[in-house]
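Take a look at the structure below.
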Amino acid sequence: MASRPSLQCRDGCRVPPAHQRLHYLQGAIMFRFERTATVKHAAEVPAAVQFAAEVTTYLNKRHNLDMKFGVELFGSPRIHWYYDLQSLDDSAKLDATLLKDAEYEKMLKKSEDLWIDQSMHDTIVRLS
């Protein structure tokens, strides 16, 4: 009976079959950032969608993200933004950069009246 070939990861270590998937995932996207915000009034949904499109386009171009957004269909009128990242360090670096981004701060300030107070929530999900 032929023995199973021994695999090596890119670092040269031997990878038992049970751990092949784990080694494979090391280079894959591991986290998803999601921000939600609830629109104050249903009549302001079009303005909120316009803002979501503008801020998403800006962040994707300026900070090289692949952010997307969507509108919740049922229940509260809520906007969802999300993008994937490889590490929590990447998220922390982006946060630090955004704190210094005057144009982004200006966009957020301009849209303040669209949202229910304290309805903006950020979540980071570990993907499998």
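Readers should treat all values here as calculations from the given coordinates under stated rules, not as data from a laboratory. These numbers come from a predicted model, not from an experiment. When we count neighbours, we look across all protein chains shown, and the Cβ atoms used for this are built from the backbone with ideal geometry, even at glycine.
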### Task
Provide the gained length on full extension for the span E44 to L127, in nm with one decimal, where the gain is 0.36 nm per separating residue minus the Cα-Cα distance.
26.6 nm
### Query
Ordered by packing density, taken as the mean number of other Cβ atoms within 10 Å over each peptide's residues, highest first, how do 106-117, 78-89 rank?
78-89, 106-117
### Query
Tell me, what is the FRET efficiency for N64 and I116 to the nearest 0.05, using R0 = 30 angstrom and their Cβ-Cβ distance as r?
0.45
### Query
Where the Cα atoms of the stretch 31-126 are projected onto their three principal axes, how long is each span, largest first, in whole Å?
37, 29, 22
#### Entry: Phi to ³J(HN,Hα) by Karplus 6.51 cos²θ - 1.76 cosθ + 1.60 over the stretch 106-123, Hz, x for Gly, Pro
5, 4, 5, 4, 5, 9, 3, 6, 7, 10, 5, 3, 6, 9, 7, 10, 10, 9
